[in-house]
Amino acid sequence: MSKKFHIAIVGAGTTTLFLLHELLSLDDCALSRIVLTIFEATADAGAGFAFSKDAVHPDLLSNNAPEEIPDLLTSYIDWKKTCDTTSQSNRKVERRADVGLFFKHNYQAILAQLTQRGLSVYQRRAVIQDLEKAEQGYRLYADDWLTDSFDRVFINIGRERAAPPLKGTEYPYPTSHYSAKAYRHYNVIGSSLTAVDCVVGIANKKGNFCSSNEALTFSSHTDWYIRLFSSHGVFPRVWYPSDDKRYFSAYLRRLSNQHYQTVDEAYKSLLLPALKAHTPSIFLQVSHMSFDQMLTFLAGNEKSIDPWQKLQTELTSTASEYSQWPVILEAFLETIEFSNLSGEHRNKNEDDTLHALIAFHTAALPYESCLKLNALHNAGRLEVISRHIDEDELAGNTREDSVYIDGTGVLPAINKSLTAEKIKQALKVSGFHFSSNNRTPGERDFELLCDGKPSGVYLGSAYLQPDRWNTPGLDTCKEIAQSLRKSIEQTLYPKQKIRLPFQIKVPN
Ligand SMILES: Cc1cc2nc3c(=O)[nH]c(=O)nc-3n(C[C@H](O)[C@H](O)[C@H](O)COP(=O)(O)OP(=O)(O)OC[C@H]3O[C@@H](n4cnc5c(N)ncnc54)[C@H](O)[C@@H]3O)c2cc1C
């Protein structure tokens with residue numbers, strides 16, 4: 001009888017959902033050789049944090065048009081047709097709550113199919129706190145008890161959930177924690193995606209948006225307002241489902257030679273020519289700059305702009321060079337992530353400034369959320385204050401009618417959760433490096449190296465991968481899941497080394 005492989009997956013979010021879907025492509029014989037244990041900290045298996053009940057209340061939007069949500073057992077559009085029609089609307093992007101329901105439904109249905117076809121699956125509701133090397137494989141600390149050992153461990157825990165919010169502030173999610181209370185002054189720190197979730201969450205609880213004559217207005221009977229504090233003082237650009245990142249990704253992959261040594265080399269040979277072809281006036285401004293200089297320069301251009309004027313212009317104008325170049329940047333980052341830079345590899349965890357700049361340029365808000373921000377501003381409920389807020393100021397807030405919320409991207413902590421640092425300590429490595437295990441160019445392997453050798457531990461969380469600069473989305477989860485499935489296949493059926501039975505003589 002062939003050996004059974006014991007595989008642990010930590011975290012049952014989006015990447016794990018896509019991985020389970022990928023496993024459906026294995027034959028029944030392969031499936032019967034796997035014993036899979038999935039550890040999930042919450043009751044929301046399948047949704048992941050972004051689409052879980054904590055992050056979707058009450059009407060927060062995804063960045064995905066229906067056709068951009070990857071298919072699972074059915075397409076999202078077909079699944080939506082089978083749902084209660086009252087939840088249908090003419091929104092351009094989907095509610096995160098609806099996407100979460102789609103994911104949870106698929107998670108259960110896929111597990112049922114896998115089990116029926118011979119896969120042994122155990123689901124454990126537990127927080128994984130740490131891992132340690134065992135004689136064979138790894139053991140996990142789950143809620144203070146130690147598991148049996150696993151041959152392979154897949155760490156799909158999403159964004160790290162150990163950091164506290166800024167001192168004197170509340171976590172951004174769930175928004176009901178503060179929106180349901182009778183505060184008069186809401187102070188949100190940040191002006192990007194999480195901060196906008198906080199604003200929309202508060203507004204939806206306190207009043208009503210009303211659409212009349214194609215304009216959105218806001219009304220509320222109580223006295224409150226929101227101040228957003230951010231050092232750059234502008235919102236991310238308006239995102240339309242028509243943003244054609246796929247076109248630019250295909251274009252850049254055709255142009256890419258896959259062998260760049262450094263980000264700057266790829267910038268000069270790949271991004272600059274793309275900017276020249278598609279956004280010539282941006283190219284003229286930045287062509288003599290390095291990658292970092294270009295990002296800093298273009299971010300600086302935005303600081304002098306009034307946020308409301310910028311929002312108005314973007315809401316009313318069609319795609320321009322200004323709105324196109326961040327899409328090209330995103331596609332560029334995706335291309336070099338795939339191509340595995342072969343030389344110097346900049347590490348995003350050690351390069352906070354560059355990472356923040358990239359996040360600033362590539363973030364984009366759904367059109368509908370921008371209309372809501374505009375309506376709140378017109379109703380005198382929302383202002384943006386362009387300044388950095390420090391800890392002393394937060395500590396000095398003693399007003400009972402005022403609350404500060406950390407909207408800079410920190411997520412509610414999971415007590416004692418596994419972190420990148422703990423993984424490094426368990427593997428005794430100072431940084432994360434991946435194996436290149438028999439992959440063809442353009443493909444990646446997410447198995448971590450330990451002493452230069454494949455460790456059996458895979459980092460499926462895009463947020464923890466040091467060389468991933470783009471903000472991960474559903475496409476990223478799907479791409480990582482495909483790679484993880486290939487790794488499982490290689491474990492089950494290691495490639496036989498082909499031995500030639502005789503020496504081939506090369507004719508002179
Ligand atoms: C607020 C927010 C909104 C987003 N909106 C969008 C969007 O609209 N469109 C889009 O494409 N992308 C969006 N994203 C990005 C998207 O969520 C991520 O790309 C993707 O969900 C990450 O998948 P994951 O599987 O790595 O992590 P997650 O989906 O977050 O799953 C991680 C899972 O691991 C569990 N977990 C964590 N730690 C432990 C532990 N120690 N032990 C056991 N279980 C653990 C968590 O409970 C969770 O279920 C958003 C992200 C956030 C944070």
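Bear in mind these aren't lab numbers, they're just calculated from the coordinates by the rules spelled out. What you are looking at is a predicted structure, and each value in this text was computed from that prediction instead of being measured. Counting neighbours? That spans all protein chains shown, and the Cβs are built from the backbone with ideal geometry, glycine included.
Listed by Cβ neighbour count within 10 Å, with the fewest neighbours leading, Leu17, Leu382 appear as Leu382, Leu17.
Each helix, a run of at least 4 DSSP H residues, gives -39500 (n - 2.57); summed and divided by the residues of the chain, these come to -11000 deg cm²/dmol at 222 nm.
Between 0 and 90 degrees, the angle of helix 96-116 with respect to the longest Cα principal axis of the chain falls at about 20 degrees. Computed from Cα positions, the angle between helix 367-378 and the longest principal axis of the chain comes to roughly 30 degrees. The label-point distance for Lys92 and Asp264, in a model that sets each label 7 Å from Cα toward Cβ, rounds to 3.8 nm. If R0 equals 41 Å, the separation of the Cβ atoms of Ser120 and Ala163 corresponds to a calculated FRET efficiency of about 0.70. Taking the Cβ of Arg33 as the centre, find all other residues whose Cβ is under 15 Å away and add up their charges (Lys, Arg: +1; Asp, Glu: -1). Here the count lands on +1. Placing +1 on the Cβ of every Lys and Arg and -1 on the Cβ of every Asp and Glu, with no other charges, gives the chain a dipole of roughly 1200 debye about its Cα centre. Shape descriptor for the chain: Rg over Rh equals 0.98 (Cα atoms; Rh from the Kirkwood inverse mean 1/r).
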